[in-house]
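Peer 1: Here it is: the structure, laid out below.
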Amino acid sequence: MSFRSGKIILHRNTRHDRIGWVRPARVISDDERGLLLWVAPGSRVAHEVDQDGLTLRDMPFGDWIRQSYQLAQLSWNGPGVLKLVRPDAAHSVWWFRDEAGRFSGWYVNLEEPAIRWEDGDLAGVDIVDQDLDVWVEPNLNWRWKDEGEFTERLGFPDHYWVPDAAAVRAEGERVIRDIEAARFPFDGTWCDFVPDPSWITPTELPPGWDRPPVLPRPPLRVRGAAAYT
């Protein structure tokens, strides 16, 4: 399926049979280069928290897997983000901005290939974020990001959603070759993107935003006191 320009869809990250985060995004274009999305500042988003309101990044993974979870809604803080979900690729590329709206770098989000879905007027793309990332400066200098978190979580194979660490790193290395060669999308494309000032920011999540993930998941084996809700 393809999405028409201007449509608001949901960009969602999933963890096994749960939703990790949800972001409404406007479709800028959808063509052979991929699905280009704009997440506007102030958008209503949601992310997974434990019973104390803490997120996955607020504690060691060994503690996180022993919590129960819920989705908390909040507003997207900071500048807007342009995202390219590439066709059948195990990564997406995000254009980050500073507070003045100037391009500040690319963020390569390593992830399972996105799956598109439609449910009446509601539509979106679901991914599985694989946590290891690549940060790219405007001058194309790059570095791995979140290697420590990635390595820590791999130590819990019964709970972690990344089954093949080597494949994740290999995808990152493939993208790095594109970065070093200044190949699309690291060739300056969309670095000067300016959102249409008439676009309305989605300040509410639409009904059905928390529908079950569409990605097929094997049964999760839970040990000890771990509880998933």
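The values are calculated or read from the model by the stated rules, or taken from the named source; none is laboratory data. Predicted model, so just to flag it, every value in this text is computed and none were measured. All Cβ positions, glycine included, derive from the backbone under ideal geometry; neighbour counts span all protein chains shown. Calculation scope for accessible area: heavy atoms of the full protein, side chains included, ligands and nucleic acids excluded. Shrake-Rupley method; radii C 1.70, N 1.55, O 1.52, S 1.80 Å.
Peer 1: Looking at this structure, is D98 in contact with a Lys or Arg (Cβ under 6 Å, 6 or more places away or on another chain), charged (D, E, K, R) and closer than 26 Å to E147 by Cα?
Peer 2: Here the answer is no, as D98 does not meet what is asked.
Peer 1: Considering only residues that are touching a residue at least 24 places away in the same chain (Cβ under 8 Å), charged (D, E, K, R) and part of a strand (DSSP E or B), which ones fall in the stretch 67-98?
Peer 2: K83
Peer 1: Being open to solvent by 10 Å² or more (accessible area, probe 1.4 Å) and either of a type in the set (G, A, S) or over 20 Å from H16 (Cβ atoms) (or both) is the filter here, so list the residues in the stretch 117-134 that pass it.
Peer 2: E118, D119, G120, D121, L122
Peer 1: Something else: Check S29 against each of (1) within 27 Å of P157 (Cα to Cα); (2) of a type in the set (G, A, S); (3) modelled with pLDDT of 95 or more and name the one condition it does not meet.
Peer 2: Every condition holds for S29 apart from (1).
Peer 1: Now for a separate question. From (1) outside any strand (DSSP E or B); (2) crowded, with 18+ Cβ neighbours inside 10 Å; (3) not acidic (D, E), pick out the condition that doesn't hold for P41.
Peer 2: Here P41 clears every test but (2).
Peer 1: Considering only residues of the stretch 1-23 that are among the hydrophobic types (A, V, I, L, M, F, W, C) and modelled with pLDDT of 95 or more, which is most open to solvent (accessible area, probe 1.4 Å)?
Peer 2: Filtering the stretch 1-23 for residues that are among the hydrophobic types (A, V, I, L, M, F, W, C) and modelled with pLDDT of 95 or more, the one most open to solvent (accessible area, probe 1.4 Å) comes out as I8.
Peer 1: Within the stretch 99-110, does at least one residue satisfy the condition of being farther than 15 Å from E171 by Cα, assigned to a strand (DSSP E or B) and open to solvent by less than 20 Å² (accessible area, probe 1.4 Å)?
Peer 2: Within the stretch 99-110, the subset farther than 15 Å from E171 by Cα is 99-106.
Going one step further and asking which of them are assigned to a strand (DSSP E or B), we end up with 103-106.
Still in the running and open to solvent by less than 20 Å² (accessible area, probe 1.4 Å): 105-106.
Checked the stretch 99-110: at least one residue is farther than 15 Å from E171 by Cα, assigned to a strand (DSSP E or B) and open to solvent by less than 20 Å² (accessible area, probe 1.4 Å).
Peer 1: Out of the residues in the stretch 140-176 that are of a type in the set (A, V, I, L, M) and free of Cβ contacts under 8 Å to residues at least 60 places away in the same chain, which is most open to solvent (accessible area, probe 1.4 Å)?
Peer 2: Per the stated criteria, the residue is A166.
Peer 1: Quick one: is D192 loosely packed, with under 13 Cβ neighbours inside 10 Å, under 17 Å from L82 (Cα atoms) and of a type outside the set (V, I, T)?
Peer 2: yes
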